[in-house]
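Data block below; observations after.
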Amino acid sequence: MAEKKRTQVDDIDRSMYDFRYDDADAEKLDAGLTPDIVREISERKGEPEWMLEHRLKSLEVYNSIDMSDWGPSIDGLDMDNIVTYVKPPTEQKSDWESVPDNIKDTFDRLGIPQAERSYLAGVGAQYDSELVYHSMQESAAKMGIVYSGIEEALHGEYAELIRSKFMTLIPPTDHKFAALHGAVWSGGSFVYVPRGVRLDYPLQSYFRLNAKGAGQFEHTLIIVEDDADLHFIEGCSAPKYNVANLHAGAVELFVGKRAHLRYSTIENWSKNMYNLNTKRCRCEEEGEIEWISGSFGSHVGYLYPMSILAGRKARASFTGITFAGRGQNLDTGCKVVLAAPGTSASVETKGISKDGGIQTFRSSVVATPAANGSRCTVSCQSLMLDDRSRSDTIPAMDIRCKNVDIGHEATIGRIGDDKVFYLMSRGVSEEEAKAMIVNGFAEPISKELPLEYAVEMNNLIKLEMEGAIG
Amino acid sequence: MQTSAVTIGRASAMPAPTWHFLNMNDTVIEVPAGLAISPSVKVSEPYSAKGAADEFENALADAQEAWEQDHPAPTAEELATREEFLAAEADATYGGTAQSAYQVVADAIEESRSLAVAFEHGVGDEAAAYLRYAAGERVVVQADPGKQVDAQVVVAAVPGTVSAAAIDVIADAGSSVNLSIVVEADADASGQAPQPEGITGTTVRVFADDGAQVSITRTQALDEGFTDIDDTGLFAADDARIDVRQTILGGSATFTGLAGDLRGDSSRIDVDTRYLGHSDRKLDLNYSLRHHGPKSRCNLQANGVLAGRASKTLRGTIDLVRGCKGAEGAENETVLLVDEGVHNKTVPVILCNEDDVAGNHGATIGHIRDEQLFYLTSRGLSQEAAERMFVAAIVEQAAIDAPDEAAKDAVVRLGERLAPGFAELFEEGV
C-alpha cells in the first residue's frame, strides 16, 4: 500500500511583516532594568510624581517575585539584554504625511492608513516605545469620544480618571511581567466613550516593534461608560531578528452598566518574540465584553484575557484561535470570574498545532459565592496536523456557589476519516473535503473577525492539498 | 510505636500544573503527631499467598524485556540523525521550541525507556512510601495464567492509629483478579466523642499482563475524624483490562490518587468514582492515565454530590503519548452542588503528543435541574428534602452496588449515622 502523504499546512506567510528599518536614529536607553533606567523613562515623559513612584514600586515587585513555573520556558529571554525604551525619531502626529517616511512606509505596507480610510473611526499607531500617529474622525470626536495616547491623556482633563483606574485591574503584584510592565510601560492608547454613546465604526491601534532586542510595553486603558458601545481592534507585528524581543503590554478595560465592548486582536508577532501580554476587563451590571482573539505569531506566548463579571447579569464571551507552528509554544486561553448574580459567560476556542509546534489551551472559571444563578460554558477543540506537534488542554474550574451551571467540553484529535468519507460520498473531492473541514474548524472564529483580518487568517491557515491528513 | 507529625507536600500533583492562585496543582497531607503505627487489616482467604514481596518488580522487569524487544532502542546512527535534526531546528527556530517544564519532564520519562521510571503512584512517591512503611508486610495477590482469584482486604479505622495496607496485584497472562477493598469505621469505636482521630490508607500496585482482567472496588465508609489516603498505580500490558470503582462516602479528609500506564496495545483502564461530600469534609482526587499502547482506551467517570460545607478538588489528566496511535481517552465529571457552603474545584486535563487519537473530556457542575426539582416538589417534597434525597441516593446506590457483604455493611452503617433510619429503609427497599 502506498504510504499516505500528510496534507501540508503552510506556515503563516510573514513576508509582509518581516521587513525592518535601521533604528540608528532611534533614541535607546541602555539594555537591562535598573531604577535609573526607570527614572529616566519617567523623566523623559515628564510624568506626574505618582507615576514615577508607581514605576519604582513595580520594579521592586519585579525583582522580588519569581517567574511562573507552569508555562513555556523563557530561558531564552535575558532581561539584561532587552532594551526597555526605544524612542523613534519623531513626536506623535495626527497628520499622516508628517510621519517620518520609514515609519509611514511600515504602516502603509501593513495596510493601516488604508483601513482607516475605509472603515475605521480612529487609528493609533505605535512604533517601538512611542505612539507615532493618532487620529480620529471628526464625527467620533463630536460624540465626545476620546481616543488619544495615554501619556498625553495623563496631562489632560482625564488625568484623575486615569490615575483612579491605572493598573487597578492588573496590579503589578499579579505576576512578574505585570510588575515589569508597571516599571517600564510606554505608549499605548486611552479611550473614553461617554455615557450612552454608541460608535458604529471600530477604533484600531496597531503596534509595531521595529528595534532589535527591544521590548514593547504599551498600556491600553479603555473606559466605556454606562449604555455606551465600542468595538476596538488591536493588531501587532514585528520583523524577525536573531535575538529575543519582548512584548509585555497591558490592557485594562472598564465596561459600564448595560455597556458593550468588543475587543478584537490579531497577534502576529515574529517568531523571535516573547509575548507576555496581560488583558483584563471588568463589567458592571448587564455590561458585556466580547473578546475575539487570534494568536499566530511569537516564539513563546502567554495570553489569557480575563473577564471579571462584577455586576448583576454581566456577560462575557471569548472566541479564540491559536495556531502554533514550527518552533512556537503558544500557551493561550482565558480567565472568567463570575462575581455577581445572574452573570453568564461562554468560551469557544480552537487550537491548531503543526510541524513540532506546541499549542496549549489554559483557562480558569471561578464562581464566587455571590454568583447565584450564573452560568458558564467552555468549549475547546484542538486539531493536530502531525505527530510531531503537541496540543494540551488545561481548563480549571473553581466553584463556590450552589446555584450555578458550569459546563466544560473539550476534544483533541485529527481530521476524522469518516468525515472525509462522508463528504466524498456526496461528490466532493478528497482535497476539497479536507479543505472544507479545516475551514469549518476555524469558521466560528473567522466569522467574528473584521473582514480583512478574516481573509488574512484564512490565508494563514491555507492548505496545500496533497494526500490525506494523518 | 507512636510517631511524630509528618507533612507530605506536593502530594497528588497533576503532571501539567496551572496557575498557583487556583491552589489546584497539588495538595498537602498532614499526619498528626502521636498516632500509633498499627495496621488493622484483614485479608480474606483464599488468595494466592505464593507471591513474594518483589513479585511486582519481577513482573515489571519481565515486561521491560518484552517491551524492549518490540521497541528497540534507536541506533547510534538514528540518534545522530535526530541530534542533527534538533540542532537544525534550534538554529532555524530561535533555540528550538521553548517547552514548558512539565513537557521536558514528560520527554525525559519517555527517553528513559524504563517502565519502572514511568510507573507512578497516584498520590505520589512520598505518600506511597509512607503507607508502605505504615503497612509493614505487603499483601501480594497473584493469579497464575488463565486462573481467577478473588480477594478481599478490610482496613479498619482505629482511633489514634495509622492503619494501612500495601497491596500488590499481579495478574498473569489471561488471568482474572477481583479485589475488594473495604475501609470502614472500627465498629467498637464508632460514635466515640469527641471525634476520634486517625489515618487509614492503602497503596495498591497492579500489574496486568497480556489479556489479564483486574477489577478493583474500594469502598470507604469512615466516620468523621479520620483521614483516608488511597493510592493506586496501574500497569496494563497488551489487551489487559483494569476496572477500578471507588466509592468515597465518609471520613474528614480523603486523598485519592490513581496513576495508570496503558503500556500495551489495546490495553484498557476504566475508572468509576462516586463520592459524597458532606459536613466539613475535604476530598482530593487525582487521576493520571498515560497512553503508550496503540488503540489503548481509558474512561474516567466521576460523579458526586457535595453538601454542607464540603470541598472537593478533582484533577484528571489523560496523556496521549506519541506513538499511541488509535488511542482514545475520555473523561467525564458530574457534580451536584446541594448547599451554599460547598466548594468544588475541577481541572480535567488532556495532554496530547500524537495526532491519530481521540481525547474528550466534559464536566457538568451545577445544582438540581429545575425540571427535576419541579417534579419532586410537585409531589409534596420541599426543596431541602429533595436535595437530601440526592445525598441519600448516593449512599443507597453504594450499598446496592457493594461488591460484598463487608462493603455493604460498612456503607449501611455510615448511612444510618448520616440519616437515622437509613438501615431499616434500605433493608425494606432491598
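The charge dipole of chain B, taken about its Cα centre with unit charges on the Cβ of Lys, Arg, Asp and Glu (plus for the first two, minus for the last two), comes to roughly 1060 debye. For region B:7-37 versus region A:48-70, the spacing of their alpha-carbon centroids is 31 Å. Look at the dipole of the protein assembly as shown built from charges on Cβ: of B:P32, A:L246, B:L337, the Cα furthest out on the positive end belongs to B:L337.
Farthest toward the positive end of the dipole of region A:208-360, out of A:A340, A:S293, A:Q328, is the Cα of A:Q328, where the dipole comes from beta carbon charges about the Cα centre. In terms of other Cβ atoms within 10 Å, B:V204, B:V391 run from fewest to most in the order B:V391, B:V204.
Note that region B:347-410 shows a convex hull volume over its alpha carbon atoms of 180 Å³ per residue.
Computed log10 I(q)/I(0) for region B:91-246 at 0.08, 0.10 Å⁻¹: -0.32, -0.46, from the Debye equation with unit scatterers placed on every C-alpha and solvent omitted.
Across peptide B:98-106, the average count of Cβ atoms from other chains found within 10 Å of a residue's Cβ is 6. Taken residue by residue and averaged, Cβ atoms of other chains lying within 10 Å of the Cβ of A:382-389 number 5. Put a dot 7 Å past the Cα of B:D54, heading toward its Cβ, do the same for B:D70, and the two dots end up 2.6 nm apart. If R0 is 35 Å, what FRET efficiency do you get for A:N439 and B:R113 from their C-beta distance, rounded to 0.05? Plugging the Cβ-Cβ distance into 1/(1 + (r/R0)^6) gives 0.30.
Mind jotting down the distance between the C-alpha centroids of region B:351-430 and region B:70-96, whole Å? Going from one Cα centre to the other spans 53 Å.
Of all DSSP beta bridges confined to chain B, the antiparallel ones make up roughly 5%.
Using 24 Å as the Cα-Cα cut-off, could you pick out the over-long pairs in A:K57/A:K176; A:K212/A:K350; A:K271/B:K345; A:K350/A:K402; A:K57/A:K165; A:K279/A:K434? In this structure, A:K212/A:K350; A:K271/B:K345; A:K350/A:K402; A:K279/A:K434 exceed 24 Å between Cα atoms.
Around the Cα centre of region B:223-376, unit charges on the Cβ atoms of Lys, Arg, Asp and Glu (plus for the first two, minus for the last two) sum to a dipole of about 140 debye. Between the listed residues A:T168, A:W185, B:A127, the Cα displaced farthest toward the positive end of the dipole of the protein assembly as shown, a dipole computed from Cβ unit charges relative to the Cα centre, is found at A:T168.
Each residue in A:S307, A:S139 was given a count of other beta-carbon atoms within 10 angstrom of its own, and listing them fewest first yields A:S139, A:S307. Label separation (B:R369 vs B:A129): 4.9 nm, computed from points 7 Å beyond Cα along the C-beta direction.
Ratio of Rg to Rh for chain B: 0.99 [Cα atoms; Kirkwood radius as inverse mean 1/r over pairs]. A crude spin-label estimate for the pair A:A141 and B:E83, with each label 7 Å from Cα along the Cβ direction, gives 6.6 nm.
For the protein assembly as shown, the share of DSSP beta bridges that are antiparallel, to the nearest 5, is 15%.
Averaging the Cα positions of each part gives two centres, and for region B:99-152 and region A:348-367 these lie 30 Å apart.
Of all complete DSSP H helices in chain B, those with a Cα span along the helix axis of 18 Å or greater and a mean Kyte-Doolittle hydropathy of -1.0 or more are B:76-92, B:383-401, B:405-418.
Cβ-to-Cβ counts within 10 Å put A:F323, B:F422 in ascending order as B:F422, A:F323, the fewest first. Legend: mean number of C-beta atoms from other chains within 10 angstrom of residue C-beta atoms, peptide B:340-346, equals 6. On the beta carbon distance between B:D62 and A:E40, with R0 = 60 Å, the FRET formula returns roughly 0.30. Its Cα centre serving as origin, the protein assembly as shown has a Cβ charge dipole (Lys and Arg +1, Asp and Glu -1) of approximately 1900 debye. Pairwise Cα separations in the protein assembly as shown fall into 20 Å bins from 0 onward with the following percentages, short to long: 14, 42, 32, 11, 1. If you bin all the Cα-Cα distances of region A:16-416 at 10 Å, starting from zero, the percentages per bin are 5, 23, 33, 28, 10, 1, 0. For the pair B:E137 and B:A90, a Förster radius of 41 Å applied to the C-beta separation gives a FRET efficiency near 0.20, rounded to the nearest 0.05.
Computed from the coordinates by the stated procedures, all read-outs in this text should not be read as laboratory data. None of these values were measured; they are calculated from a predicted model. Glycine gets a Cβ as well: all are built from the backbone with ideal geometry, and neighbour counts include every protein chain shown.
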